[in-house]
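Structure, as structure tokens:
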Amino acid sequence: MKGTVFITGASSGFGRACARRYGKEGWRLVLAARRREPLVELQAEFGADSVHIITLDVRDREAVAEAVASLPEPFCRVEILVASAGLAQGLEPAQRADLDDWETMVDTNIKGLMYTVHALLPGMVARNHGHIVTMGSTAGTWPYPGGNCYGGTKAFVKKFAENLRADLLGSRVRVTNIEPGMAETEFSLVRFKGDQDRSAKVYQGTEPLTAPDIADIVWWVTSLPPHVNVNSMEVMSINQAWGPYAIHREEQAD
Ligand code: NDP
Ligand code: 8X3
């Protein structure tokens, strides 16, 4: 076995693809998500000796701390955290947004990440060895209509990762924020609360990023020589780029 990687959001999308990638490379996997069944499937794929499953809601501060504190041998020395658990809820303009959706995003994308890092980081520092990979987004840098609170949470992820680097200077613990653009996973289905048609339209007629694309990138940044720290990596499909500034103009009579 090469080492132990702890992956949140391992039941779907980027997290699941990372689990497969590290599993195929012979790593020991600690897989966390709320849905147990997809984790059991991964355990069946790679074997119980190399996969430890945790049914976990990252919003539950005590549960996250407990899950990390009670990691059994040989899973307890985590070398890499891939913190992929996260979500968007809604695409309404801020003035019509559901406050519960905003709270869910803050609780998951910000507080859930804080709890996970807080639980795993001391061990990495004590061993002077580790890599924290956070899942930011292009939305954390580039605003778009309806992105409001989701973009805000991903801006937190970006700044949190950068600030971790500042604190960890002098240690051999690396931090990388991956910042993907549009990628086809369950992301839009979750954002639109199970509306299959609306979710499918996001990816219709284009070729978005895929979860294995992101897993390849995560694998690559964590496989570089230990003195190399990729601070952040923004990645988009070739089919996605920026538009001009949007300008509102009053209607004018000809
Ligand atoms: P998916 O919806 O496919 O996967 C999200 C994962 O997060 C699932 O495994 C889900 O597991 C887990 N999750 C969500 N809420 C919680 C929670 N409260 N506790 C524990 N696990 C949770 O989406 P992606 O793989 O696309 O998203 C992964 C990350 O990448 C997210 O942070 C997202 O914001 C980010 N991202 C996605 C992009 C995209 O276009 N797809 C682009 C840029 C960033 P379960 O429901 O079983 O708990
Ligand atoms: C997911 C990418 O553009 O839907 O973070 O916000 S986007």
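Please go through the stretch 135-158 and give me each residue that is among the small types (Gly, Ala, Ser) and assigned to a loop (DSSP other than H, G, I, E, B), ordered by number.
Pass one, the stretch 135-158, residues among the small types (Gly, Ala, Ser): 136-137, 139-140, 146-147, 151-152, 155.
136, 137, 146, 147, listed by residue number.
Residue-wise test of (1) crowded, with 19+ Cβ neighbours inside 10 Å; (2) in contact with a helix residue (DSSP H, G or I) (Cβ under 8 Å, 6 or more places away or on another chain).
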| position | (1), (2) |
| --- | --- |
| 148 | yes, yes |
| 169 | no, no |
| 181 | no, yes |
| 195 | no, yes |
| 209 | yes, no |
| 226 | no, no |
| 231 | no, yes |
| 241 | no, no |
In the set 188, 237, 232, the lone residue that is within 11 Å of ligand 2 (Cβ to nearest atom), modelled with pLDDT of 95 or more and touching a strand residue (DSSP E or B) at 6+ places or on another chain (Cβ under 7 Å) is 237
Answer yes or no as to whether residue 216 is assigned to a helix (DSSP H, G or I), more than 15 Å from ligand 2 (Cβ to nearest atom), of a type outside the set (S, T, N, Q) and over 19 Å from the mean Cα position of the chain (by Cα).
no
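For a quick check of your reading: which helices (runs of 4 or more DSSP H) sit entirely within the stretch 45-134 and have at least 3 residues that are more than 18 Å from the chain's Cα centre (by Cα), free of Cβ contacts under 8 Å to residues at least 60 places away in the same chain and within 30 Å of residue 225 (Cβ to Cβ)? Write out each step before concluding.
Working: elements: 61-69, 99-105, 113-127.
Counting at least 3 such residues, we get 113-127.
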Number of the condition not met by residue 103 [criteria: (1) out of contact with any Gly (no Cβ under 8 Å at 6 or more places or on another chain); (2) open to solvent by less than 20 Å² (accessible area, probe 1.4 Å)]
(2)
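The values are calculated or read from the model by the stated rules, or taken from the named source; none is laboratory data. Keep in mind it's a predicted model, so treat the numbers as computed, not measured. Using ideal geometry, Cβ is built from the backbone for each residue, glycine included, and neighbour counts are taken over all protein chains shown. In case anyone asks, the SASA skips ligands and DNA or RNA and just uses the protein heavy atoms, side chains included. Shrake-Rupley method; radii C 1.70, N 1.55, O 1.52, S 1.80 Å.
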